[in-house]
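As structure tokens, the structure follows; a few thoughts come after it.
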Ligand code: PMV
């Protein structure tokens, strides 16, 4: 079997993107492999792409990997298949979503005449509703692909591979606190994620208040592109990000919870403010989202340290410390429209698992 190194993968990526000659990958491993990756929540948000085709971010970002939310993916290449087969939560996925997966495989392998793949994925949380299912999904798939093609990519290069599927997926290769770096090269070789601190660094809690399990109407890629084209404050968003990143790194290493919370809320509202200023406007929130924000702020006024963040969906994620979890849960579950709460801690890195031994909750 031919072994690929990352340079080869990158060369393939560029070749694929620019539609030049494909070079063949000779070998892949028969049989299936299973990978688990956890979702992550951005404390400093990624929003905007500097290169759409190669999926390069316009800003760096910082995230926390979550133990309670994960995707488990089994991948097998099969020469008998005529096209890729993708089962997500036991349902066959076709159309645009299947194409996104097939394109990712082509890009990664650099060879569209590759054997077709059977991919069986399970999320233990709602898909496409702002709980970062694409992050855990593409991170698990990148790891599984690396295994089946014997690429032996290191974590940084695996993160770059996952990034080609979804920007936030790069961060899910690692546990704990993670930085997605903003590169300056056109080939994306610097746009990789690195771990800042592992999951044992700080025993924080993240409560995800689920206000809707419906799929969102507007995906993040479309939302980002529309924002870049029409939001009047886009340049300010880009230029103010490095300072937020630096301050957040300091808050994480010194375990300054007030600062971490303040920066997290700032980044969240800056991103959503920008999205709202887009034409036509983008608003991912519903009534319960707003009500939950106010409920958390009220709790904070009463002395409970808790801060909110929201992604491309209506769920409210609440950062807090372990001793205030019960009180916050009670207050937030009381909000009209909050369906349930998922409690998470800092979670581990993506990994290859035995298919049955690590059971999806
Ligand atoms: O990775 P994508 O394309 O799903 O974009 C993620 C965008 C946000 O979740 C809103 C922010 C982030 O940094 O995760």
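The numbers here are math on the coordinates, done by the rules we state, and not lab data. Keep in mind the model is a prediction, meaning the values are calculated, not measured. Note that we place each Cβ from the backbone using ideal geometry, even for glycine, and neighbour counts take in every protein chain shown.
So here's what we get for this one:
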{"item": "Contour excess over end-to-end distance, with Cα ends at residue 322 and residue 116 and 0.36 nm allotted per residue", "result": "69.6 nm"}
{"item": "Along each principal axis, Cα extent of segment 60-203, largest first, Å", "result": "47, 34, 25"}
{"item": "Gained length - residue 340 relative to residue 152, 0.36 nm times residue gap less alpha-carbon distance", "result": "63.7 nm"}
{"item": "Residue 198 versus residue 333: modelled label distance in nm, points set 7 Å from Cα along the beta carbon direction", "result": "3.4"}
{"item": "Sorted by Cβ density within 10 Å, fewest first, the residues 149, 269", "result": "269, 149"}
{"item": "Over 18 Å [Cα-Cα, segment 204-344], rounded percent", "result": "58"}
{"item": "Exposure proxy ranking, count of Cβ atoms within 10 Å, fewest first, for 61, 184", "result": "184, 61"}
{"item": "Within a Gaussian network of the chain (alpha carbon springs, distance under 10 Å), most fluctuating of 93, 338, 194", "result": "93"}
{"item": "Where only C-alpha atoms are counted, convex hull volume of the chain per residue in Å³", "result": "130"}
{"item": "DSSP beta bridge pairing in segment 6-200, given as percent antiparallel to the nearest 5", "result": "90"}
{"item": "Cβ-derived FRET efficiency at R0 25 Å, residue 99 paired with residue 352, nearest 0.05", "result": "0.40"}
{"item": "Likely footprinting exposure, 47, 202, 297, fewest C-beta neighbours within 10 Å first", "result": "297, 202, 47"}
{"item": "Helical mean residue ellipticity (222 nm; -39500 (n - 2.57) per DSSP H run of 4+; nearest 500) of the chain", "result": "-11500 deg cm²/dmol"}
{"item": "Pairwise FRET efficiency - residue 239 versus residue 217, Cβ, R0 = 35 Å, nearest 0.05", "result": "0.70"}
{"item": "Top of 168, 159, 322 by mean-square fluctuation, Gaussian network on the chain, Cα under 10 Å", "result": "322"}
